[in-house]
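The values are calculated or read from the model by the stated rules, or taken from the named source; none is laboratory data. All values reported here derive from a predicted model rather than from experimental measurement. No Cβ is skipped: glycine too gets one built from the backbone with ideal geometry, and neighbour counts run over all protein chains shown. Heads up: the accessible areas ignore ligands, DNA and RNA and are worked out on the full protein's heavy atoms, side chains in. Shrake-Rupley method; radii C 1.70, N 1.55, O 1.52, S 1.80 Å.
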Amino acid sequence: MSILVVGSVAFDDIQTPFGKAERCLGGSATYFSVAASFFTDVDLVAVVGDDFSDRDMEIFRGRRINTGGLQRVSGAKTFFWSGEYGYDLNVAKTLDTRLNVFGEFRPQLNERQRKARVLFLANIHPELQMDVLHQTERPKLVALDTMNLWIATKRDALEKAFSEVDLVVINDAETRQFTGETNIVKGARKILDLGPHTIVIKRGEYGVLMITRNSAFAVPAYPLENVFDPTGAGDTFAGGFLGYLTSRQEHNDRELRRAIIFGSVLASFTVEKFSLDRLREITLDNIYERYRAFRALTHFEDFDAS
Ligand code: AMP
(Lines give C-alpha, C1' and ligand atoms only; values in the text may rest on other atoms or scores of the structure.)
Protein backbone atom coordinates (compact mmCIF):
# COMPACT_ATOMS: atom_id res chain seq x y z
CA MET A 1 0.00 0.00 0.00
CA SER A 2 1.24 3.50 -0.73
CA ILE A 3 0.04 7.02 -0.13
CA LEU A 4 -0.06 9.80 -2.70
CA VAL A 5 0.63 13.33 -1.46
CA VAL A 6 0.46 16.72 -3.14
CA GLY A 7 1.68 19.80 -1.29
CA SER A 8 4.56 22.22 -0.99
CA VAL A 9 8.28 21.53 -1.08
CA ALA A 10 9.82 24.76 0.14
CA PHE A 11 12.59 26.87 1.50
CA ASP A 12 11.69 28.54 4.80
CA ASP A 13 13.10 31.43 6.81
CA ILE A 14 12.16 30.82 10.43
CA GLN A 15 12.53 32.87 13.55
CA THR A 16 11.67 31.52 17.01
CA PRO A 17 12.60 32.91 20.46
CA PHE A 18 15.43 30.36 20.45
CA GLY A 19 17.14 31.22 17.18
CA LYS A 20 16.68 31.59 13.49
CA ALA A 21 17.26 29.55 10.37
CA GLU A 22 17.48 30.94 6.85
CA ARG A 23 16.47 29.20 3.65
CA CYS A 24 16.12 25.87 5.38
CA LEU A 25 14.28 22.95 3.86
CA GLY A 26 10.55 22.93 4.53
CA GLY A 27 7.18 22.54 2.87
CA SER A 28 4.01 20.72 3.83
CA ALA A 29 4.66 17.76 1.52
CA THR A 30 8.30 17.46 2.61
CA TYR A 31 7.49 17.04 6.31
CA PHE A 32 4.54 14.82 5.46
CA SER A 33 6.49 12.49 3.14
CA VAL A 34 9.41 11.97 5.49
CA ALA A 35 7.09 11.22 8.44
CA ALA A 36 4.79 8.90 6.46
CA SER A 37 7.72 7.02 4.92
CA PHE A 38 8.54 5.43 8.29
CA PHE A 39 5.39 3.33 7.80
CA THR A 40 4.55 3.12 4.11
CA ASP A 41 5.59 3.95 0.53
CA VAL A 42 4.97 7.56 -0.43
CA ASP A 43 4.36 8.97 -3.91
CA LEU A 44 5.24 12.68 -3.83
CA VAL A 45 3.66 15.16 -6.26
CA ALA A 46 5.15 18.66 -6.03
CA VAL A 47 7.37 21.12 -7.87
CA VAL A 48 10.69 22.83 -7.19
CA GLY A 49 12.82 25.37 -9.03
CA ASP A 50 16.38 24.99 -10.25
CA ASP A 51 17.58 26.47 -6.94
CA PHE A 52 16.64 23.13 -5.32
CA SER A 53 19.98 21.33 -5.32
CA ASP A 54 21.02 17.73 -5.37
CA ARG A 55 21.93 18.16 -1.69
CA ASP A 56 18.40 19.33 -0.93
CA MET A 57 17.11 16.17 -2.63
CA GLU A 58 19.02 14.07 -0.10
CA ILE A 59 16.17 14.36 2.39
CA PHE A 60 14.11 12.02 0.20
CA ARG A 61 16.85 9.48 -0.59
CA GLY A 62 17.12 6.17 1.22
CA ARG A 63 13.49 6.50 2.31
CA ARG A 64 10.30 4.94 0.96
CA ILE A 65 9.59 8.07 -1.09
CA ASN A 66 9.05 8.00 -4.84
CA THR A 67 10.12 11.40 -6.21
CA GLY A 68 9.12 10.65 -9.82
CA GLY A 69 6.29 13.17 -9.38
CA LEU A 70 8.55 15.94 -8.08
CA GLN A 71 8.94 18.24 -11.07
CA ARG A 72 11.87 20.60 -11.46
CA VAL A 73 11.27 23.81 -13.43
CA SER A 74 14.34 25.52 -14.79
CA GLY A 75 14.58 29.28 -14.61
CA ALA A 76 12.16 29.42 -11.67
CA LYS A 77 12.38 29.45 -7.91
CA THR A 78 11.17 27.02 -5.26
CA PHE A 79 8.19 27.98 -3.03
CA PHE A 80 9.34 30.24 -0.20
CA TRP A 81 7.76 30.86 3.21
CA SER A 82 8.97 33.04 6.01
CA GLY A 83 7.46 32.81 9.49
CA GLU A 84 8.00 33.97 13.01
CA TYR A 85 6.93 32.62 16.43
CA GLY A 86 6.77 34.47 19.72
CA TYR A 87 6.86 32.73 23.10
CA ASP A 88 3.46 31.24 22.30
CA LEU A 89 4.79 28.66 19.87
CA ASN A 90 1.26 27.67 18.86
CA VAL A 91 0.90 30.81 16.78
CA ALA A 92 2.90 31.20 13.56
CA LYS A 93 2.99 34.64 12.02
CA THR A 94 3.54 34.54 8.26
CA LEU A 95 5.94 37.26 7.15
CA ASP A 96 6.15 36.30 3.49
CA THR A 97 4.76 33.68 1.10
CA ARG A 98 6.11 33.36 -2.44
CA LEU A 99 4.37 30.70 -4.49
CA ASN A 100 7.05 30.92 -7.23
CA VAL A 101 6.92 27.60 -9.19
CA PHE A 102 3.52 26.72 -7.66
CA GLY A 103 1.88 29.62 -9.52
CA GLU A 104 1.83 27.64 -12.78
CA PHE A 105 1.94 24.07 -11.47
CA ARG A 106 -0.56 21.69 -13.10
CA PRO A 107 0.65 18.13 -12.41
CA GLN A 108 -0.36 15.23 -14.66
CA LEU A 109 -0.74 12.08 -12.58
CA ASN A 110 0.53 8.83 -14.07
CA GLU A 111 -1.41 5.56 -14.10
CA ARG A 112 -0.06 4.37 -10.72
CA GLN A 113 -0.75 7.72 -9.03
CA ARG A 114 -4.32 7.83 -10.37
CA LYS A 115 -4.99 4.45 -8.74
CA ALA A 116 -3.69 5.47 -5.26
CA ARG A 117 -5.68 3.94 -2.37
CA VAL A 118 -4.94 6.82 0.03
CA LEU A 119 -4.46 10.49 -0.91
CA PHE A 120 -3.25 13.36 1.25
CA LEU A 121 -3.92 16.86 -0.01
CA ALA A 122 -1.28 18.67 2.06
CA ASN A 123 -1.52 22.40 2.61
CA ILE A 124 -1.38 24.18 -0.75
CA HIS A 125 -3.79 26.12 -2.99
CA PRO A 126 -7.20 24.33 -2.71
CA GLU A 127 -7.72 24.41 -6.48
CA LEU A 128 -4.49 22.48 -6.94
CA GLN A 129 -5.66 20.03 -4.27
CA MET A 130 -8.90 19.47 -6.21
CA ASP A 131 -7.11 19.23 -9.54
CA VAL A 132 -5.13 16.29 -8.14
CA LEU A 133 -8.16 14.65 -6.49
CA HIS A 134 -10.15 14.83 -9.73
CA GLN A 135 -7.43 13.03 -11.67
CA THR A 136 -7.57 10.02 -9.34
CA GLU A 137 -9.93 7.06 -9.38
CA ARG A 138 -11.34 8.24 -6.01
CA PRO A 139 -9.02 6.72 -3.38
CA LYS A 140 -10.47 4.77 -0.46
CA LEU A 141 -9.38 7.54 1.93
CA VAL A 142 -8.86 11.20 0.99
CA ALA A 143 -7.59 13.62 3.64
CA LEU A 144 -6.94 17.36 3.43
CA ASP A 145 -5.03 20.01 5.36
CA THR A 146 -5.11 23.77 4.84
CA MET A 147 -4.12 27.07 6.47
CA ASN A 148 -5.31 30.59 7.30
CA LEU A 149 -4.07 32.05 4.00
CA TRP A 150 -6.40 29.84 1.94
CA ILE A 151 -9.31 30.30 4.36
CA ALA A 152 -8.95 34.05 3.91
CA THR A 153 -8.33 34.16 0.16
CA LYS A 154 -9.89 30.98 -1.36
CA ARG A 155 -12.82 30.30 0.91
CA ASP A 156 -15.28 29.03 -1.72
CA ALA A 157 -12.75 26.66 -3.27
CA LEU A 158 -11.87 25.40 0.19
CA GLU A 159 -15.48 24.80 1.18
CA LYS A 160 -15.94 22.78 -2.02
CA ALA A 161 -12.76 20.85 -1.21
CA PHE A 162 -14.00 20.02 2.31
CA SER A 163 -17.17 18.61 0.78
CA GLU A 164 -15.21 16.16 -1.39
CA VAL A 165 -12.89 14.60 1.20
CA ASP A 166 -13.28 12.00 3.96
CA LEU A 167 -11.02 13.47 6.59
CA VAL A 168 -9.94 17.03 7.41
CA VAL A 169 -6.77 17.80 9.38
CA ILE A 170 -6.86 21.39 10.59
CA ASN A 171 -5.72 23.42 13.59
CA ASP A 172 -7.90 25.03 16.24
CA ALA A 173 -7.40 28.63 15.08
CA GLU A 174 -8.23 27.65 11.48
CA THR A 175 -11.37 25.83 12.64
CA ARG A 176 -12.52 29.02 14.36
CA GLN A 177 -11.56 31.19 11.39
CA PHE A 178 -13.39 28.98 8.88
CA THR A 179 -16.56 28.37 10.88
CA GLY A 180 -16.87 31.54 12.96
CA GLU A 181 -17.42 29.32 16.04
CA THR A 182 -15.27 30.05 19.08
CA ASN A 183 -16.06 26.58 20.46
CA ILE A 184 -13.99 24.10 18.46
CA VAL A 185 -16.37 21.18 19.02
CA LYS A 186 -19.17 23.22 17.44
CA GLY A 187 -16.75 24.30 14.71
CA ALA A 188 -15.80 20.67 14.09
CA ARG A 189 -19.50 19.74 13.69
CA LYS A 190 -19.95 22.50 11.11
CA ILE A 191 -17.08 21.10 9.06
CA LEU A 192 -18.42 17.53 9.39
CA ASP A 193 -21.76 18.84 8.10
CA LEU A 194 -20.00 19.73 4.84
CA GLY A 195 -19.26 16.03 4.18
CA PRO A 196 -16.09 14.61 5.82
CA HIS A 197 -16.66 11.70 8.23
CA THR A 198 -13.71 12.62 10.46
CA ILE A 199 -12.03 15.82 11.55
CA VAL A 200 -8.69 15.94 13.35
CA ILE A 201 -8.01 19.23 15.11
CA LYS A 202 -4.38 20.00 15.94
CA ARG A 203 -4.04 22.08 19.08
CA GLY A 204 -0.28 22.62 19.24
CA GLU A 205 1.15 21.94 22.68
CA TYR A 206 -2.36 20.97 23.89
CA GLY A 207 -2.48 17.95 21.61
CA VAL A 208 -5.07 16.62 19.19
CA LEU A 209 -8.83 16.15 19.12
CA MET A 210 -10.41 13.71 16.67
CA ILE A 211 -14.17 13.93 16.09
CA THR A 212 -16.39 11.71 13.97
CA ARG A 213 -20.19 11.81 13.71
CA ASN A 214 -20.49 9.52 16.74
CA SER A 215 -17.20 9.50 18.62
CA ALA A 216 -14.45 11.70 20.01
CA PHE A 217 -10.85 11.01 21.02
CA ALA A 218 -8.37 13.44 22.57
CA VAL A 219 -4.70 13.21 23.53
CA PRO A 220 -2.24 15.75 24.90
CA ALA A 221 0.97 16.60 23.09
CA TYR A 222 4.00 14.67 24.31
CA PRO A 223 5.46 16.89 27.06
CA LEU A 224 8.89 18.06 25.95
CA GLU A 225 11.32 20.24 27.84
CA ASN A 226 12.93 21.60 24.71
CA VAL A 227 10.68 22.80 21.94
CA PHE A 228 12.82 24.60 19.44
CA ASP A 229 10.85 25.15 16.24
CA PRO A 230 7.19 24.18 15.75
CA THR A 231 7.35 24.56 11.95
CA GLY A 232 6.16 21.42 10.24
CA ALA A 233 4.64 19.87 13.36
CA GLY A 234 1.20 19.76 11.74
CA ASP A 235 2.43 18.20 8.50
CA THR A 236 4.59 15.73 10.39
CA PHE A 237 1.60 14.79 12.52
CA ALA A 238 -0.44 14.18 9.36
CA GLY A 239 2.40 12.07 7.91
CA GLY A 240 2.68 9.85 10.97
CA PHE A 241 -1.10 9.58 11.27
CA LEU A 242 -1.87 8.74 7.64
CA GLY A 243 1.36 6.83 7.04
CA TYR A 244 0.50 4.45 9.85
CA LEU A 245 -3.15 4.15 8.71
CA THR A 246 -2.07 3.41 5.14
CA SER A 247 0.02 0.51 6.42
CA ARG A 248 -3.05 -1.09 8.08
CA GLN A 249 -5.77 -3.18 6.48
CA GLU A 250 -8.55 -1.70 8.60
CA HIS A 251 -9.26 1.95 9.33
CA ASN A 252 -11.42 1.23 12.38
CA ASP A 253 -11.57 3.23 15.61
CA ARG A 254 -8.75 1.24 17.23
CA GLU A 255 -6.37 1.88 14.32
CA LEU A 256 -7.42 5.53 14.07
CA ARG A 257 -6.50 6.01 17.73
CA ARG A 258 -3.12 4.34 17.27
CA ALA A 259 -2.57 6.52 14.21
CA ILE A 260 -3.27 9.66 16.26
CA ILE A 261 -0.54 8.60 18.70
CA PHE A 262 1.97 7.83 15.94
CA GLY A 263 1.23 11.25 14.42
CA SER A 264 1.75 12.93 17.79
CA VAL A 265 5.00 11.02 18.37
CA LEU A 266 6.42 12.04 14.99
CA ALA A 267 5.43 15.68 15.53
CA SER A 268 7.11 15.66 18.95
CA PHE A 269 10.42 14.84 17.26
CA THR A 270 10.07 17.53 14.58
CA VAL A 271 9.81 20.40 17.08
CA GLU A 272 13.03 19.42 18.86
CA LYS A 273 15.22 20.97 16.13
CA PHE A 274 14.93 23.38 13.22
CA SER A 275 13.59 22.27 9.85
CA LEU A 276 13.71 18.49 9.29
CA ASP A 277 16.94 18.11 11.25
CA ARG A 278 15.49 15.90 13.99
CA LEU A 279 13.42 13.81 11.58
CA ARG A 280 16.62 13.04 9.65
CA GLU A 281 18.15 11.42 12.74
CA ILE A 282 15.41 9.23 14.15
CA THR A 283 14.71 5.55 13.55
CA LEU A 284 11.59 3.40 13.85
CA ASP A 285 12.91 2.19 17.21
CA ASN A 286 12.94 5.77 18.53
CA ILE A 287 9.35 6.13 17.33
CA TYR A 288 8.19 2.89 18.97
CA GLU A 289 9.91 3.81 22.23
CA ARG A 290 8.18 7.19 22.38
CA TYR A 291 4.84 5.58 21.48
CA ARG A 292 5.16 3.39 24.59
CA ALA A 293 6.14 6.38 26.74
CA PHE A 294 3.06 8.16 25.39
CA ARG A 295 0.88 5.21 26.36
CA ALA A 296 2.28 5.26 29.89
CA LEU A 297 1.71 9.01 30.06
CA THR A 298 -1.97 8.81 29.21
CA HIS A 299 -2.92 5.46 30.75
CA PHE A 300 -5.37 5.36 33.64
CA GLU A 301 -7.56 2.68 35.21
CA ASP A 302 -11.32 2.66 35.57
CA PHE A 303 -12.39 3.46 39.13
CA ASP A 304 -13.81 1.02 41.65
CA ALA A 305 -16.97 2.50 43.17
CA SER A 306 -17.38 -0.19 45.84
P1 AMP B 1 3.03 23.54 9.57
O2 AMP B 1 3.04 22.05 9.70
O3 AMP B 1 1.66 24.09 9.49
O4 AMP B 1 3.94 24.22 10.55
O5 AMP B 1 3.62 23.84 8.11
C6 AMP B 1 4.85 24.47 7.88
C7 AMP B 1 5.25 24.37 6.42
O8 AMP B 1 4.18 24.84 5.59
C9 AMP B 1 6.45 25.25 6.11
O10 AMP B 1 7.58 24.43 5.91
C11 AMP B 1 6.06 26.05 4.87
O12 AMP B 1 6.98 25.93 3.82
C13 AMP B 1 4.71 25.49 4.45
N14 AMP B 1 3.77 26.54 4.07
C15 AMP B 1 3.59 27.74 4.66
N16 AMP B 1 2.63 28.45 4.02
C17 AMP B 1 2.19 27.67 3.00
C18 AMP B 1 1.19 27.82 1.97
N19 AMP B 1 0.47 28.95 1.86
N20 AMP B 1 1.01 26.81 1.11
C21 AMP B 1 1.74 25.68 1.23
N22 AMP B 1 2.68 25.46 2.16
C23 AMP B 1 2.92 26.44 3.04
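Go from 0 up to the bin containing the longest alpha carbon distance in region 123-281, width 5 Å each, and give me the % of pairs per bin.
Over region 123-281, the share of Cα pairs per 5 Å bin runs 2, 9, 18, 22, 21, 17, 9, 3, 0 percent.
I'd like the carbon and sulfur percentage of the solvent accessible area for the chain, probe radius 1.4 Å, heavy atoms only, ligands and nucleic acids excluded.
Heavy-atom surface of the chain belonging to carbon and sulfur, 1.4 Å probe: 47 percent.
Quick check for you: with a 1.4 Å probe and neighbouring chains kept, what is the accessible area per residue of the chain, in Å²?
46
Can you say what percent of the DSSP beta bridges in region 41-164, counting only those with both residues inside, are antiparallel? Round to 5.
35
Share of antiparallel DSSP beta bridges in region 161-287, in percent to the nearest 5?
65
For region 92-158, state the average projected area of the convex hull of the C-alpha atoms over all orientations, rounded to one decimal in nm².
5.2
Could you tell me which helices of the chain pass both thresholds, a Cα extent of 15 Å or more along their own axis and a mean Kyte-Doolittle hydropathy of at least -1.0, with helices taken as whole DSSP H runs?
233-246, 253-270, 284-298
For the chain, modelled as a Gaussian network with Cα springs under 10 Å, which listed residue fluctuates most, Met57, Met130, Met210?
Met57
Which residue, Leu242, Ala221, Ile287, has the largest displacement toward the positive end of the dipole of region 197-306 when charges sit on each Cβ (Lys, Arg +1; Asp, Glu -1)?
Leu242
Given the options Tyr87, Tyr288, Tyr222, state which has the largest fluctuation in a GNM of the chain using a 10 Å cut-off (strictly under) for Cα springs.
Maximum among the listed residues: Tyr87.
Under a GNM of the chain (C-alpha, springs under 10 Å), which listed residue has the highest mean-square fluctuation: Arg63, Arg106, Arg189?
Arg106
I need the semi-axes of the equivalent ellipsoid of region 213-306: take the C-alpha gyration tensor, multiply each eigenvalue by 5, square-root it, list largest first in whole angstrom.
25, 17, 12
Report for the chain the percent antiparallel among DSSP-assigned beta bridges with both residues inside it, nearest 5.
Around 40 percent antiparallel, to the nearest 5.
Let me have the 222 nm mean residue ellipticity of the chain computed from DSSP H runs of 4+ only, each contributing -39500 (n - 2.57), with the sum over all residues rounded to the nearest 500.
The per-residue figure over the chain is -10500 deg cm²/dmol.
With every protein chain present, what accessible area does Ile261 have (1.4 Å probe, heavy atoms only), rounded to the nearest 10 Å²?
Only protein atoms counted, so the area is about 20 Å².
Can you pull the accessible area of Trp150 for me, 1.4 Å probe, Å² to the nearest 10?
Looks like 20 Å² after rounding.
Quick one: what Rg and Dmax do you get for region 35-158 from the alpha carbons, in Å?
Cα radius of gyration and Dmax of region 35-158 are 15.6, 47 Å respectively.
Calculate, in nm to one decimal, what Leu99 and Arg61 gain on full extension: separation in residues at 0.36 nm each, minus their alpha carbon distance.
The Leu99-Arg61 span can extend by a further 11.2 nm.
In nm², what is the average projected area of the convex hull enclosing the Cα atoms of region 231-278?
In nm², the orientation-averaged hull projection of region 231-278 is 2.9.
What is the set of long-range amide H partners of Asn171 at a cut-off below 5 Å, with H atoms built 1.01 Å from backbone N?
Lys202
For the chain, compute the orientation-averaged projected area of the C-alpha convex hull (one quarter of its surface), in nm².
So the Cα hull casts an average projection of 16.3 nm².
About the Cα centre of the chain, what is the dipole size in debye to 20, counting +1 per Lys and Arg Cβ and -1 per Asp and Glu Cβ, all else neutral?
It comes to approximately 580 debye.
State the volume of the convex hull built on the alpha-carbon positions of region 1-70, expressed per residue in Å³ and rounded to an integer.
Cα convex hull per residue, to the nearest whole number: 96 Å³.
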